[in-house]
Every structure is written in C-alpha cells, then in structure tokens.
Amino acid sequence: MNIDLHCHSHFSDGQLAPDELLQRAYSNGVRCLSITDHDTLGAYQSGPLFVPSDMTLIPGIEMSAEWAGRNIHIVGLDVNPDDIALLSAVDSQQQVRIERAEQIARRLQKLGAGDLGPRARELANGASIGRPHFAHALVEAGVVRNVKEAFRKYLGTGKPGDVRNLWPSLATATNWINAAGGIAVLAHPGKYKLTRTKLNLLLDEFTAAGGRAMEVISGSQTDDETRKLAGIAAERQLLASCGSDFHRPDMQWSDLGRFPPLPASCEPVWAQWNINA
Ligand code: AMP
Ligand code: MN
Ligand code: MN
Ligand code: MN
C-alpha cells in the first residue's frame, strides 16, 4: 500500500484544498494519507472530507518549534483534531505567525522591497501565514526571479526573514502532540543541515520529551540519506515515517505518494494503527 504521512493544503502553504489533495493522493495510489499543515488543523475543521472507503485519513499537523536557535518541525500524527489543549496550542502558534509576518514585512521593507505585508496576507487568504507567502510576494514584486532565490537571499536560515526566538521549544511541541493522543515525529531530519553530533543531541532531547518517531523518507532524497536515517531510527528504536511534503503541483519536490518504500529494517509508524503496507 502507498502511504504518505506529510503534505500541505491551502490551510497553510500548500496550493490545493483538502479534498483536492485527497483526490490527487488517491489517484496517485495513496491509500493512507495524513494532511499535516503548518501549525493548523484547518483541513480537519472545514467540514467532512470525502474519504474513499479503501483509504484511511490520519489527522495530522506539522508544528513549528525551535531548538538550539534553529527552526525544527515536529509532525503530530493521529492527533485528536478536537482536543481543546491542542486547539489552544494552534491558536498560540497562529498568533506567533501573525506577529512574525509583521516582523518579516518590516525587515523586508527596510531592505527596500516595499511593504509586502498586505500582499503576503492576501496570498495567505486566512491560512497559516508563513515565509512562502512572502516568497511569492517578492517574486510578484519583481524583487527576485523565483521562490528559490527569495529563500536564498531573504527568507532562508540566517537571512533577514528568518526571525528567531519565537517558536516554542521542541519539548513543548512534542508534549502538545502527545497530550492530544498523537505520535510525535521529527520531520525531515536531513533538512536541518546538522552535523551527526548535533542531530544526536536533537534526537536525545526529542526522545527525552516523548518523541517516538522520525521521518526516514521525506520527498525525494538519495538512497544514501535513506540508509543513514533508517540506521539512526533503528539504533534509537524510533518508529519510521515517510511522506512527500507535497505543497503544490508545480513545485520540483515530490508528488503525493511518489517516493520509494521504507527500508525493510524500519518499524513503520503505521503498524500502530494496524495498517499493513
Ligand atoms: P515557515 O513555515 O513560514 O517557517 O516557512 C517554511 C516553509 O517554507 C517550508 O515548509 C517550505 O514549504 C518553504 N521553504 C523552506 N525553504 C524553502 C526553499 N529553499 N525553497 C522553497 N520553499 C522553501
Ligand atoms: Mn511548507
Ligand atoms: Mn517542514
Ligand atoms: Mn511540511
């Protein structure tokens, strides 16, 4: 079975509505899907989604957190989307996003990009506002040629749009997920550009806080990377997850369900839900 446990809808920085995302996943052969929007459960609150009878939808979220001055993402899988404490955590994350957007707008304006705040908010259209909305606004304004350049010059790690000291700790985000009955998964461990020593420290803290899984496959990555991450998961007895991190059809990243299977040595996170791949 094709399983994709990480993707985004238009409730955060994805392009498709949840039902469009679901349909596209189904057409691509995905039979177990989690929509994991950044710091919002909007996809699960927008009324009933049509889920084909041979497909399972696992409620999920991708929480923003900070560790050692870095932006780290924790995916919560199988969370209760009606959990009051989780919903209040989501509210506070949304507040951070709104304040952060104001700071990003001010910083970009100081650099001569004009006031992109209103356009970024318009592009977000009530969704979880984030750096990708500013990236698109920068492209539209002709400041950069494409989204990649926007991140490289203005929004990526260490650039002006990378506002620090806003997100909750790794432990806080992990606790929110656990308290809502979910499984906390360290998202795309390869994307943080950490040394092996730093990644070990991060995983030490994550597991101490109650983190139980890590993504062994995130979108398209080298076989070498997959082997390395599968080894770390096994060593630490962490459950393994996989997902496309799909955002939009026109992006170069993986499409829904389009990535190789987890190595056989992995203990898949979905064994918890009695799903067999
Ligand atoms: P935020 O959640 O506002 O911190 O923005 C992070 C999001 O920006 C990620 O989830 C990606 O969707 C996107 N992103 C990060 N780096 C890049 C990049 N280099 N190119 C395009 N999109 C990126
Ligand atoms: Mn994103
Ligand atoms: Mn992420
Ligand atoms: Mn993601």
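Some observations on this one:
- Simple spin-label estimate for Val51 and Thr222 in nanometres, 7 Å along Cα-Cβ: 3.8
- Within the shell defined by Cβ-Cβ distances under 13 Å, the residues around His38 carry a net charge of -2, with Lys and Arg each +1 and Asp and Glu each -1.
- Between amide H atoms placed 1.01 Å from N, distances below 5 Å from Ile72 occur with Ala65, Glu66, Trp67, all of them 5 or more places distant or on a separate chain.
- For peptides 135-144, 206-215, sequence by mean Cβ density within 10 Å, most packed first: 206-215, 135-144
- Theoretical gain in end-to-end length, Ala17 to Val139 [0.36 nm per residue, Cα-Cα removed]: 41.6 nm
- Placing unit charges on the Cβ atoms of the charged side chains and taking the dipole of the chain about its Cα centre, the candidate lying farthest along the positive direction among Leu86, Thr207, Leu239 is Thr207.
- In this label model, Lys159 and Met1 are separated by 4.0 nm, measuring between points 7 Å along each Cα→Cβ vector.
- Placing +1 on the Cβ of every Lys and Arg and -1 on the Cβ of every Asp and Glu, with nothing else charged, gives the chain a dipole about its Cα centre of roughly 1120 debye.
- Pairwise FRET efficiency - Asn276 versus Glu102, Cβ, R0 = 41 Å, nearest 0.05: 0.30
- For the chain, the relative contact order works out to 21 percent when only alpha carbon pairs closer than 8 Å and six or more residues apart are counted.
- Val163 sits among other residues whose Cβ lies under 12 Å from its own Cβ, and their net charge, with Lys and Arg +1 and Asp and Glu -1, is +3.
- Within region 11-40: backbone nitrogen closer than 20 Å to the Gln94 label point (7 Å, Cα to C-beta): 11-19, 35-40
- Loop chymotrypsin sites (Phe, Trp or Tyr not before Pro), region 1-51, which have at most 16 other Cβ atoms in a 10 Å radius of their Cβ (DSSP): Phe50
No value in this document is a laboratory result; all are computed from the given coordinates. These numbers were taken from a predicted model, which means no experiment stands behind them. Note that we place each Cβ from the backbone using ideal geometry, even for glycine, and neighbour counts take in every protein chain shown.
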